[in-house]
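**Q** Supplied in structure tokens, the structure appears directly below.
The values are calculated or read from the model by the stated rules, or taken from the named source; none is laboratory data. Note that the structure is predicted; figures quoted are calculated from it, not measured. We place every Cβ from the backbone using ideal geometry, glycine too, and count neighbours over all the protein chains shown. For the accessible areas, the whole protein counts, side chains as well, though only heavy atoms, and no ligand, DNA or RNA atoms are used. Shrake-Rupley method; radii C 1.70, N 1.55, O 1.52, S 1.80 Å.
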Amino acid sequence: PVLLGCGSAQPPGSCPALCECLEAAKTVKCVNKNLTAVPPDLPPYVRNLFITGNRLASLPPGAFPARRLPDLRALNLSGNHLRAVEAGALAALPALRQLDLSGNPLVSLSPQAFGEGGSPLEELALRGALRNHSALLSLAAALQSGALHNLSRLELTDSGLVLLPAGMFTALPALRHLDLSNNSLVGLRNVSFQGLGQLQSLNLSNNSLGVLRNDTLAQFRSLPALRRIGLGLNTWVCDCAIEDLVTWLKESDQVESKETLTCTYPDKMHGKALLKISSLDLNCSVPVDLPSQLQTSYVFLGIVLALIGAIFLLVLYLNRKGIKKWMHNIRDACRDHMEGYHYRYEISADPRLTNLSSNSDV
């Protein structure tokens, strides 16, 4: 069967076969038509393009006609079995502001997919598209390259993410909304939110977060525009390590529905609201960070020993004359003692002096 009934003889502005065109709404829909490539003769008036539910295995370079779609702002390519978005695939879309690649089993997303000079793209949706780890790494490289520095909304939900690459968001100064919900994130220790001065909302709900450390909380405090943080449906571990998070929750107005956050572990704390936890509940008699405590103790011991050594050397210096005299006295006593031993040895060794030694008081 013909998958792309889009003959080159069609007049400009006509609608490709297997697509539905709404010229008044500037919209073209090519939905569930088993297309294997982007129709080559899309009408130039299109602003909203839906190519969804097809079989586009990849987007090769020049997938969209060069300078043929000057007004295309919103492009939806969700659910197309896409595995690769190659270099230059989206370079010829100067007005592109919204891109949806959700529901595709991506393996690679080239940092040059949007062209060499960067992209005007403002919204990128990748819901369920990053289950392959190489896709996550290639996305991180694309974000860090600065090619998407205009992004204001980024959706990375439903992809089973466990850990995020370090520095993944550092080149997104315009980012306002970041959605990381419905993943399996276990921590944010290597994630930097520094530089996201315009970030307004951060959704971390429905993950596997057990605790948020002080460095992460400090980053949240430092973001002036951040007003909405979603933390619901996480597996909070209510031991001594959670004290900083509880303190921050009680002080901060950034967290949405914070009164609904509850402990998951240990069993005795299950279901208890984080806002109602006290230090007595946690029983933190043993320091949480034992290695740092030991390190501090060793430093203190070293300082004490150095001080004792300095005092000892000072005492020696101040009493150097007396010590010298004392050393001389010990030397003289030892010498006299050794001379006595030597004299007795000479008497014992000389038979001529034996009678003398026995009849006289030496």
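**Q** What does the convex hull of the Cα atoms of region 15-147 come to per residue, in Å³, rounded to a whole number?
**A** Each residue corresponds to 85 Å³ of Cα convex hull volume.
**Q** Cβ under 12 Å from residue 331's Cβ, residue 331 left aside: what net charge do those residues give with Lys, Arg +1 and Asp, Glu -1?
**A** My count for the surroundings of residue 331 gives +1.
**Q** Also, quick follow-up: Straight-line reach from residue 33: which aspartates and glutamates fall under 19 Å, measuring Cα to Cα and dropping same-chain residues less than 8 apart?
**A** 20, 41, 100
**Q** A further question on this structure: By how many degrees, between 0 and 90 and to the nearest 10, does the Cα long axis of helix 290-318 differ from the longest principal axis of the chain?
**A** So the inclination is approximately 30 degrees.
**Q** On C-alpha positions alone, give me the angle between the axis of helix 320-349 and the longest principal axis of the chain, in degrees, nearest 10.
**A** That helix lies at roughly 50 degrees to the long axis.
**Q** Can you give the calculated 222 nm mean residue ellipticity of the chain, where each DSSP H run of n ≥ 4 adds -39,500 (n - 2.57) and the sum is split over every residue, rounded to the nearest 500 deg cm²/dmol?
**A** So the helix-based figure for the chain works out to -9000 deg cm²/dmol.
**Q** Now for a separate question. If you bin every alpha carbon distance in the chain into 20 Å steps from zero, what whole percent lands in each bin?
**A** 22, 33, 18, 9, 9, 6, 2, 0
**Q** Indicate, rounded to the nearest 5 percent, the antiparallel portion of the DSSP beta bridges found entirely in region 15-147.
**A** Of all bridge pairs located within region 15-147, approximately 15 percent are antiparallel.
**Q** With charges only on Cβ, +1 for K and R and -1 for D and E, what is the dipole size of the chain about its Cα centre, in debye, rounded to 20?
**A** 440 debye
**Q** On to the next question. Just going by the charge dipole of the chain, with Lys and Arg at +1 and Asp and Glu at -1 on Cβ, which of 91, 76, 101 is farthest out on the positive end?
**A** Farthest along the dipole direction, towards plus: 91.
**Q** Once the dipole of the chain is set up with Lys and Arg at +1 and Asp and Glu at -1 on Cβ about the Cα centre, which of 266, 170, 115 lies farthest towards its positive end?
**A** Going by the Cα projections, it comes out as 115.
**Q** Let me ask something else. With +1 on each Lys and Arg Cβ and -1 on each Asp and Glu Cβ, how big is the dipole of region 160-286 about its Cα centre, in debye rounded to the nearest 20?
**A** 200 debye
**Q** While we're here: Which percent, nearest 5, of DSSP beta bridges in the chain are antiparallel?
**A** Looking only at bridges with both residues in the chain, the antiparallel portion is about 10 percent.
**Q** When the chain is fully extended, how far beyond the present Cα-Cα distance does residue 95 get from residue 57, taking 0.36 nm per residue of separation?
**A** In short, 11.2 nm is gained.
**Q** With a 1.4 Å probe and all protein chains kept in place, how do 179, 71, 267 rank by accessible area, largest first?
**A** 267, 71, 179
**Q** Calculate the radius of gyration of the Cα atoms of region 132-214 to one decimal place, then report Dmax, the largest Cα-Cα distance, as a whole number, both in Å.
**A** Answer for region 132-214, Rg first and Dmax second: 12.1, 34 Å.
**Q** With the dipole of the chain worked out from charges on the C-beta (+1 for Lys and Arg, -1 for Asp and Glu) around the Cα centre, which of 57, 230, 206 lies farthest toward the positive end?
**A** About the Cα centre, the residue reaching furthest to the positive side is 57.
**Q** Rg to Rh ratio, region 179-318, alpha-carbon atoms and Kirkwood radius?
**A** Ratio of gyration radius to Kirkwood radius for region 179-318: 1.19.
**Q** List the lysines whose Cα sits under 30 Å from the Cα of residue 250, skipping any in the same chain fewer than 8 residues away.
**A** Of all the lysines, those that pass the test against residue 250 - Cα under 30 Å, at least 8 places apart if same chain - are 258, 268, 272, 276.
**Q** Tell me, how many Å apart are the Cα centres for region 115-171 and for region 196-224?
**A** 18 Å
**Q** Ok, one more. Place a +1 charge on the Cβ of each Lys and Arg in region 15-147 and a -1 charge on the Cβ of each Asp and Glu, then give the dipole magnitude about the Cα centre in debye, rounded to the nearest 20.
**A** Taking the Cα centre of region 15-147 as origin, the dipole is about 220 debye.
**Q** Name the most mobile residue of 324, 29, 272, meaning the one with the largest mean-square fluctuation, in a Gaussian network model of the chain with Cα contacts below 10 Å.
**A** 324
**Q** Residue 66 to residue 17: FRET efficiency via 1/(1 + (r/R0)^6), r the Cβ-Cβ distance, R0 30 Å, to the nearest 0.05?
**A** Efficiency computed from Cβ-Cβ geometry: 0.85.
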